[in-house]
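Here the structure comes first, spelled out in C-alpha cells, and everything after it is commentary.
The values are calculated or read from the model by the stated rules, or taken from the named source; none is laboratory data. Bear in mind that the values here come from a model prediction, so they are computed numbers and not experimental data. Counting neighbours? That spans all protein chains shown, and the Cβs are built from the backbone with ideal geometry, glycine included. What goes into the accessible areas is simple: the full protein's heavy atoms, side chains included, and nothing from ligands, DNA or RNA. Shrake-Rupley method; radii C 1.70, N 1.55, O 1.52, S 1.80 Å.
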Amino acid sequence: MSKDNIAFHRTHMLPEAPPPATETGAIKWLRENLFSSVANGLLTVVAGYLLLSLVISAGPWFLNGIWDSPSLTACREMLDGRTGACFAVLTERWNQLLFGFKYPDELYWRPTLAFVLLFVAIAPVLFVKFLPHQLLIFTGLYPFIAYWLIWGGSIIVPVMALLGVLFGVLVYRRTLTVSAGVAVLAGIVGAMVFWWIAGFVTGSAAGFLALEPVASRDMGGFMVNLMLGVVCVSLSLPFGIMLALGRQSDMPIIKWICVVFIEFIRGVPLITLLFVANVVLAYFLPPGTTFDLILRVIIMITMFASAYIAEVIRGGLAALPRGQYEAADSLGLDYAQSMQFIILPQALKISIPGIVNVAVGLFKDTTLVSVISMFDIVGMIRGPILASAEWNGVYWELFGFAALLFFITCYGISQYSQWLERQLQTDHR
Amino acid sequence: MAAEAQMAEAQMKVSDEVAVEISKMNKWFGAFHVLRDIDLTVYQGERIVIAGPSGSGKSTLIRCINALEEHQKGSITVDGTVLSNDIKNIDRVRSEVGMVFQHFNLFPHLTILENCTLAPIWVRKTPKREAEEIAMHFLTKVKIPEQADKYPGQLSGGQQQRVAIARSLCMKPRIMLFDEPTSALDPEMISEVLDTMIELAEEGMTMLCVTHEMGFARKVANRVIFMDQGQIVEQNEPEEFFNNPKSERTKLFLSQILGH
C-alpha cells in the first residue's frame with residue numbers, strides 16, 4: 001500500500017473463529033503454568049520426578065501399615081522384612097494420645113462431650129451473621145459447662161462462678177453512670193467478693209450434683225493442647241485489645257503499664273515463662289496455697305499471647321486513617337462507642353491475618369508444656385509411650401500423627417480466617 | 001428567581017441568638033502559632049464562608065469549634081456551652097454540631113443507612129425504627145435514598161459527600177461545619193454537593209464553610225471571612241468583599257483565585 005492511499009473500507013465482516021488449540025483447555029493450562037519457558041519446563045520435570053519417587057518410596061510404608069498388633073516386635077514380625085508402618089501404636093494407645101494415661105477410662109465421655117459442645121458454642125461466634133444471636137447464650141454458658149464436665153466435682157462450683165460473673169456485670173451496669181473506669185473496677189471487686197462469699201457455700205455443698213472429680217495432674221494427651229489452645233486464644237484476644245488500646249491511651253500511667261507489660265513479655269521466651277509458672281510462681285504465693293498447674297500455665301500462655309496480639313492490633317489501629325476517629329468524634333460518640341462501633345471493627349478486620357498467625361503459633365506452642373513435665377500429646381509420646389517396652393522406637397507414626405492433628409486444626413483456623421476476611425470485605429476493590 | 005427569593009427569606013432568618021462565640025482564641029501546634037487572637041461571633045441562621053491561602057488556619061479554626069482541635073488560650077462558646085476539657089461537655093457540643101470533612105470519612109464497614117443511624121441510636125438514644133425513618137428522610141433530601149443498603153466504597157465521591165452531609169443532619173445539629181467539602185471531588189461532582197449545601201442554607205441552617213468555591217460564597221454566604229497567617233484579615237458581606245476588598249492581602253488572594 002502506498003503512503004498516499006490510506007483510504008479503506010470493509011466489504012464483508014469476519015465471522016467469529018475459535019482460538020487455536022494451543023490457546024484452549026488443558027494444553028493452554030499446561031503451557032502457561034508448567035512449561036512457560038525452557039527453565040520452567042526443566043523444573044516441572046524435576047519436580048515431577050521427585051514427587052513420583054516420594055510416592056513410590058512412601059506408598060508401601062502407608063499401604064503395608066499394620067493397624068492391629070500388641071507391640072513393635074509383633075508388628076515387625078507381621079511385616080516380615082517388608083517396609084511398612086506400625087500404625088498399631090495409634091490404635092493401641094489411642095485413648096492415651098487423646099486423654100493422657102491417668103484420666104479414668106470410664107469418664108472419657110465427659111471430655112468428649114465437652115469437645116463436641118465446643119463446636120456448638122463457637123459456631124454462633126464464628127458465624128455471627130448466619131445463626132440466631134440467642135445461641136450466644138450457650139456460648140456464654142459453655143466455659144462453665146466444660147469446666148464441670150472435664151474437672152467434675154459439684155455443679156455448685158461452676159454455678160457460683162457463673163453467678164459471680166453475672167453479679168460483677170450487674171455491679172458494672174449499675175455504676176456505669178459514674179464513669180467507665182470506676183464501673184470496671186467495681187464490677188471486678190463485686191465478682192471477687194461474690195466468689196469469696198460463695199467459697200463458704202461450695203465447701204459445705206461439695207456432694208451436690210457432683211460428677212466424679214478429676215485432678216488437673218491426671219489430664220493429658222491432645223485434650224490438654226486443645227484446652228490450653230482454646231482457653232488461651234479466647235482470653236488473649238480481649239486482653240490483647242485492652243493492651244493495644246491502653247498503649248494508645250492519653251493517660252500516661254495506663255500507657256506505661258501497657259508498654260512495659262508488652263515489651264517485657266515479648267522480650268522473654270515462652271519456655272522461660274512456663275518454667276516460672278511451674279517452679280518460681282510457687283515461691284511468690286502464700287505457703288499452703290495450691291494453685292492448679294494448668295491454671296498457672298493458662299495465665300502464662302495468655303499473658304504471652306496477649307502481648308503479641310496487642311501489637312498486631314496496634315498495627316491495625318495505626319492503619320486506620322485519622323479521619324475515622326475524627327468522624328466518630330464529630331458525631332458525638334464517646335470513647336467506648338467509637339471504639340466499639342467504628343475503630344475496633346475496622347482495626348480487627350485489618351488485623352485478622354496477624355491475629356490468626358498468633359493464634360496458630362500459640363496453639364502449636366502449647367506442646368512446650370511437655371518440657372515442664374505435663375503430659376500433653378508430645379509429652380505422652382516422649383514419655384509413657386516411647387518409654388514403654390512395647391513401643392520403644394516408633395517415631396514416625398507417633399510424631400506424624402501428632403503433626404496431622406495440629407495440621408488439621410491450624411489449617412481449619414487458617415481457612416476460616418480467609419473466609420471471614422472475604423465476608424467482611426465491603427470496599428469492593 | 002424563586003431560589004433568590006428563598007435565599008432572601010433565609011437572610012431574614014438570621015437571628016440575634018448567638019450560635020458560636022469565639023473570643024481572644026489562640027492555638028499553637030508545638031511552637032507554631034496557628035491561630036492568633038481570633039474573635040468571631042456567629043449568629044443562629046448565619047452562613048459564613050471562610051477563605052484564605054493554605055496554612056492560614058481556616059480548617060483549624062472550624063475544627064476548634066467542635067473540639068477536634070484543642071485551643072490553648074481564649075474561649076469558645078458553642079450554643080451556650082463553654083468548651084472545656086470535660087469530655088462529657090465536649091461530647092454534648094459535638095452532638096449539636098455537625099461536621100463534613102474533605103475526605104468524607106464515611107465508615108466503610110457500615111452500610112449507608114447504618115452510617116446515618118449509628119449516632120442517633122447510640123448518642124441520641126433514638127429507637128432503631130425511628131432512626132431509620134429519619135435517615136431515609138435525609139437520604140431522600142440529598143437525593144440518594146436508593147443507595148441506602150450499599151457500602152460507601154460502592155458510591156461515587158459526590159454521592160459519598162452527600163451521604164456524609166445526610167449523616168450529620170440525622171443528628172439534627174444546630175450548627176454545620178464544612179471543611180473543604182468539595183476539594184477532593186471531581187469537577188463534575190462539585191455541583192451536586194454544592195446544590196445540597198445551598199438547599200440547606202435556604203432552610204436557615206447555621207453554616208460555617210471553609211471552601212474555595214467563590215461562586216458558592218457569593219450566592220449563599222451572608223458573611224465572608226478571609227484569613228491569613230492564623231488571623232482574620234477581613235470580613236464583610238459577600239458583595240462588598242468581592243467587589244471592594246479593603247486589605248492588600250485580600251486583593252492579592254482574590255486576584256489569584258479569580259484570575260482565570
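Across region A:105-117, what is the total count of residues that are surrounded by 15 or more Cβ atoms within 10 Å (Cβ to Cβ) and either hydrophobic (A, V, I, L, M, F, W, C) or over 21 Å from A:GLU212 (Cα atoms) (or both)? Please lay out each step first, then the result.
From region A:105-117, those surrounded by 15 or more Cβ atoms within 10 Å (Cβ to Cβ) are A:107, A:110-111, A:114-115, A:117; that's our starting set.
Okay, now just the ones that are also either hydrophobic (A, V, I, L, M, F, W, C) or over 21 Å from A:GLU212 (Cα atoms) (or both), so A:107, A:114-115, A:117.
Within region A:105-117, residues that are surrounded by 15 or more Cβ atoms within 10 Å (Cβ to Cβ) and either hydrophobic (A, V, I, L, M, F, W, C) or over 21 Å from A:GLU212 (Cα atoms) (or both) number 4.
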Residues to consider are A:GLY316, A:GLY323; find the one that is more than 16 Å from the chain's Cα centre (by Cα), facing chain B (nearest Cβ under 10 Å) and part of a helix (DSSP H, G or I). A:GLY323
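Going through region B:112-133 one residue at a time, which ones are touching a residue at least 40 places away in the same chain (Cβ under 8 Å) and either facing chain A (nearest Cβ under 8 Å) or in contact with a Gly (Cβ under 6 Å, 6 or more places away or on another chain) (or both)?
B:ALA119, B:VAL123
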For region B:137-149, the count of residues that are touching a helix residue (DSSP H, G or I) at 6+ places or on another chain (Cβ under 6 Å) and not polar (S, T, N, Q) equals 6
Residue match in region B:107-121 (condition: in contact with an Asp or Glu (Cβ under 9 Å, 6 or more places away or on another chain), assigned to a helix (DSSP H, G or I) and polar (S, T, N, Q)): yes
Pick from region A:97-107 the residues that are outside any helix (DSSP H, G or I) and under 19 Å from A:LEU405 (Cα atoms): which of them is nearest to the chain's Cα centre (by Cα)? A:GLY100
Return the residues of region B:41-56 that are more than 13 Å from B:THR206 (Cα to Cα) and either under 15 Å from the mean Cα position of the chain (by Cα) or surrounded by fewer than 18 Cβ atoms within 10 Å (Cβ to Cβ) (or both); say none if nothing qualifies. B:ILE50, B:ALA51, B:PRO53, B:SER54, B:GLY55
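Looking at region A:331-347, which of its residues are more than 7 Å from chain B (Cβ to nearest Cβ) and of a type in the set (S, T, N, Q)? Can you show your working first?
Initial filter on region A:331-347 (more than 7 Å from chain B (Cβ to nearest Cβ)): A:335-336, A:338-340, A:343-344, A:347.
Passing the criteria: A:SER338, A:GLN340.
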Among the residues of region B:12-31, is any modelled with pLDDT of 90 or more, assigned to a helix (DSSP H, G or I) and closer than 16 Å to B:MET207 by Cα? no
Within the set of pairs 6+ apart or on separate chains, which have a first residue in region A:96-122 that is charged (D, E, K, R), a second that is assigned to a helix (DSSP H, G or I), and C-beta atoms under 6 Å apart? A:LYS102/A:ASP218; A:ARG110/A:LEU149
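For residues in region A:24-45 being in a helix (DSSP H, G or I) and among the β-branched types (Val, Ile, Thr), which is most open to solvent (accessible area, probe 1.4 Å)?
Step one: filter region A:24-45 for residues in a helix (DSSP H, G or I), giving A:25-33, A:38-45.
Now narrow it down to the ones that are among the β-branched types (Val, Ile, Thr): A:27, A:38, A:44-45.
Working: A:ILE27: 94, A:VAL38: 122, A:THR44: 37, A:VAL45: 92 Å².
My answer is A:VAL38.
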Taking the criterion of being over 14 Å from B:GLN102 (Cβ atoms) and within 14 Å of chain A (Cβ to nearest Cβ), would at least one residue in region B:175-198 satisfy it? yes
Residue pairs within 7 Å by beta carbon, gap of at least six or interchain, first lying in region B:76-100 and within 11 Å of chain A (Cβ to nearest Cβ) and on the phi < 0 side of the Ramachandran plot, second of a type in the set (Ser, Thr, Tyr) and open to solvent by 20 Å² or more (accessible area, probe 1.4 Å), listed first then second, are B:ARG92/B:THR81; B:VAL93/B:THR81
Would you pick out the residues in region A:351-382 that are surrounded by fewer than 18 Cβ atoms within 10 Å (Cβ to Cβ) and within 14 Å of chain B (Cβ to nearest Cβ)? A:ILE352
Residues within region A:166-201 that are open to solvent by less than 70 Å² (accessible area, probe 1.4 Å) and among the hydroxyl-bearing types (Ser, Thr, Tyr), tallied: 2
For region A:383-429, the count of residues that are part of a loop (DSSP other than H, G, I, E, B) and more than 14 Å from chain B (Cβ to nearest Cβ) equals 10
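Here's the yes/no breakdown for (1) more than 21 Å from A:ALA347 (Cα to Cα); (2) under 21 Å from the mean Cα position of the chain (by Cα); (3) at pLDDT below 95; (4) open to solvent by 10 Å² or more (accessible area, probe 1.4 Å):
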residue: B:LEU110; (1), (2), (3), (4): no, no, yes, yes
residue: B:VAL142; (1), (2), (3), (4): yes, yes, yes, no
residue: B:PRO145; (1), (2), (3), (4): yes, no, yes, yes
residue: B:GLN159; (1), (2), (3), (4): yes, yes, yes, yes
residue: B:VAL163; (1), (2), (3), (4): yes, yes, yes, no
Give me the pairs: first residue in region A:124-135 and farther than 17 Å from A:GLN418 by Cβ, second residue among the hydrophobic types (A, V, I, L, M, F, W, C) and part of a loop (DSSP other than H, G, I, E, B), beta-carbon distance under 8 Å, and six or more apart or on different chains, which are they? A:PRO124/A:LEU131
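Restricting to region A:49-96, name every residue that is open to solvent by less than 40 Å² (accessible area, probe 1.4 Å) and assigned to a helix (DSSP H, G or I).
Once the filter is applied, which keeps residues that are open to solvent by less than 40 Å² (accessible area, probe 1.4 Å) and assigned to a helix (DSSP H, G or I), region A:49-96 yields A:ALA58, A:GLY59, A:LEU72, A:ALA74, A:CYS75, A:LEU79, A:ALA88, A:VAL89, A:LEU90.
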Looking at region A:217-234, can you tell me whether even one residue there is surrounded by 20 or more Cβ atoms within 10 Å (Cβ to Cβ) and over 28 Å from A:PHE119 (Cβ atoms)? no
Considering only region A:220-265, state which residues are assigned to a helix (DSSP H, G or I) and in contact with an Asp or Glu (Cβ under 7 Å, 6 or more places away or on another chain). A:VAL224, A:ASN225, A:ILE262
Answer with yes or no whether A:ILE343 is within 22 Å of B:LYS88 (Cα to Cα), assigned to a helix (DSSP H, G or I) and in the same structural domain as A:ALA307 (by TED's automatic domain parsing). yes
